[in-house]
Amino acid sequence: MKPRHLALTALGFAFPLVAGCSGNGADATETPAPPALPALPGLPDESADPGVLEVSMRAKTSTKKYPGAKPSEVWTYEGSVPGPLLEAKAGDQLVVHFQNDLPEATTIHWHGVRVPATMDGTHLMQAPVEPGQGFEYSFALKDAGLFWFHPHMRSDVQVEKGLYGAILVRGAGEPSVDHETVLALDDVRVNADGTFPELLDDESKMMGREGNVLLVNGVSGPEIPMQSGALERLRLVNVANGRFFNLRLEGHTFHVIGTDGGLIGQPWDTETLLMAPGERYDVVLIPNGEPGATLTLWNDPYSRGHGAVAAAPEALATVRLGADAALPGRTLPSAFPEVEKLPAVAADIPVLLGEKLDAKGEVVFTINGQAYPDVPPVLAANGSIRTMGVKNESDMDHPFHLHGFFFQRQGDTGTLKNKDTIIVKAHESMDLTARFDEPGKWMYHCHILEHAEGGMLGELDVQ
Ligand code: C2O
Ligand code: CU
């Protein structure tokens, strides 16, 4: 079926930025010096057992000031945007005593973590946590890597309001580095009065909401400290609703050592790193430059369809090299153990990503021609290895996300990697193979949250 294209296509997508709110511009007028990069806050471990990380986490409202706007009411985990960074070791048990003090029901989904289905935080397997109620999440952290968490109810609204945090799980065989930084990349669309637009404009409905303020760890245009000559490791996650980040660090290449599912066998080098919402990358680099020098971390233009492209590179952050002389003799890690390769079974689960107009003439996003909840569930036997044939029939990219399992792209020309979120470009097809070894009801969807909430979501029932 050929998707019908909407009047808005004709308008073009110029991505108007609110005057003075784009990255550096706002900081130049509001704050003379770039803000320091905030670290994601930790939470106290309530367990004496070294194999258990036990925390209490409350979702609650708070206020936060974004550049170019009056203070906003934000929704937070433990009062801050971003929420906490939970740090643990592979094999640890994570216990989260969750309390919902928000005015509406919510859940927590542990994006990329291989949890039992009852802990996955979707309405398929758990009752919504109503205001004033709590829920105990408890599961083993099987894999090392950077993961994140966010609500899975009205996610387009709740994540935009500030509900997200990260989980850093360390494994055996981590590279030894001089310095490691977790960066949560986000944007927010904020009105001058501090409110977030309730009703989406046509462009945001179509493309997913892009913000007028770019954020790194919750602040606009921060300064990221690094040391010349040091082995610097960056753990990156894109937590935005709809924005893709196309990162480039002036004068440097990223040495990619891992992605959603952890470290990869064969690292690769890239000058730009494209990250869709939900994706994570693990990169290392050795900055070179004079002590005290600054380097710009750019968000380069990238067109994700419908002619949408940012006009020019936008400055996302500034890397400032410390005053010390360059450290000598560091080398980039060259190889890690290969991830286990899944057999290339033929695709027998068709997943056609598209869009159509509903009876009211509103655009809805579809899987196999239907919008959720009308998408028939996929059935799979527990323990089976199956392949989803994902075909994007639309004119824009969709980041495809599968809950509960990593997948491998067949015929991937790059190094073998375990992913849980992958960009399926406009009119692109790919076969994604996974081992469905955990029973229960799972979701798969586009991670542009407006698309997921707009129908591009399906269920997978592993029995
Ligand atoms: Cu990060 Cu179902 O999502
Ligand atoms: Cu999408």
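The values are calculated or read from the model by the stated rules, or taken from the named source; none is laboratory data. Keep in mind the model is a prediction, meaning the values are calculated, not measured. Here the Cβ positions follow ideal geometry from the backbone for every residue, glycine too, while neighbour counts run over all protein chains shown. The accessibility values were calculated without ligands, DNA or RNA, using every heavy atom of the protein model including side chains. Shrake-Rupley method; radii C 1.70, N 1.55, O 1.52, S 1.80 Å.
Observations on the structure shown:
- DSSP beta bridge pairing in region 312-409, given as percent antiparallel to the nearest 5: 55 percent
- Long-range HN-HN contacts of residue 268 with modeled amide H, under 5 Å: 256
- Ligands, DNA and RNA excluded, the heavy atoms of residue 362 present near 80 Å² of accessible surface to a 1.4 Å solvent probe.
- Split the accessible area of region 52-170 by element, probe 1.4 Å, and carbon with sulfur accounts for 51%.
- Taking amide H positions as modeled 1.01 Å from N, with prolines and chain starts lacking one, the residues under 5 Å from residue 221 and 5 or more places away or on another chain are 216.
- Across the chain, the relative contact order, built from alpha-carbon pairs under 8 Å that are at least six residues apart, equals 15 percent.
- Cross-link pairs exceeding 27 Å between alpha carbons, from the set 419/441; 142/205; 341/441: 142/205.
- A viscosity of 1.002 mPa s and a temperature of 20 °C, combined with the Kirkwood radius over C-alpha pairs in the Stokes-Einstein formula, give region 349-462 a diffusion coefficient of 152 µm²/s.
- Whole-Hz Karplus values for region 42-51 come out as x, 10, x, 7, 8, 10, 7, 6, x, x Hz, taken residue by residue from phi with 6.51 cos²θ - 1.76 cosθ + 1.60 and θ = phi - 60°; glycine and proline positions read x.
- The chain - mean residue ellipticity at 222 nm from DSSP helices (-39,500 (n - 2.57) per run, n ≥ 4, rounded to 500): -1500 deg cm²/dmol
- Cα convex hull of the chain, projected area averaged across orientations, nm²: 21.2 nm²
- Links that overshoot a 32 Å alpha carbon limit, given the list 65/391; 161/425; 65/417: 65/391; 65/417
- Largest to smallest in accessible area, the residues 94, 43, 332 fall in the order 332, 43, 94 (1.4 Å probe, all protein chains included).
- The 3J(HN,Hα) values that the Karplus relation (6.51, -1.76, 1.60; θ = phi - 60°) gives for region 150-161 are, in residue order, 6, x, 10, 10, 6, 4, 4, 8, 5, 6, 4, 6 Hz. Gly and Pro appear as x.
- Spin-label pair residue 357/residue 290, simplified geometry with 7 Å Cα→Cβ offset, distance in nm: 6.1 nm
- Take the Cα of residue 415, go 7 Å toward its beta carbon, and the backbone nitrogen atoms of region 133-148 under 15 Å from that spot belong to 145-146.
- Using R0 = 30 Å, the C-beta based FRET efficiency linking residue 178 and residue 312 works out to 0.35.
- Calculated P(r) of region 292-422 - Cα pairs past 24 Å, %: 56 percent
- Taking θ as phi - 60° and the Karplus parameters 6.51, -1.76 and 1.60, the scalar couplings of region 176-188 work out to 8, 10, 7, 7, 10, 10, 9, 10, 9, 9, 8, 8, 9 Hz in sequence order, x denoting glycine and proline.
- Cut-off 14 Å between beta-carbons: net charge of the residues surrounding residue 178, Lys and Arg +1, Asp and Glu -1: -2
- Percentage relative contact order, region 177-321, counting C-alpha pairs under 8 Å, at least six apart: 27 percent
- Interchain or long-range residues, amide H under 5 Å from residue 349's placed H: 387, 389
- Size descriptor, Kirkwood hydrodynamic radius, that averages inverse alpha-carbon separations across region 275-335, Å: 14.7 Å
- Charges were assigned to the Cβ only: +1 to each Lys and Arg, -1 to each Asp and Glu. The resulting dipole of the chain about its Cα centre is roughly 440 debye.
- Extension gain for residue 331-residue 58 works out to 94.1 nm (0.36 nm per residue, less the C-alpha to C-alpha distance).
- For region 177-321, projected area of the alpha-carbon convex hull averaged over all directions, nm²: 9.5 nm²
- DSSP beta bridge pairing in the chain, given as percent antiparallel to the nearest 5: 70 percent
- Region 52-170: relative contact order as a whole-number percent, Cα under 8 Å and 6+ apart: 32 percent
- Local electrostatic count, residue 265, Cβ distance below 9 Å [Lys/Arg +1, Asp/Glu -1]: 0
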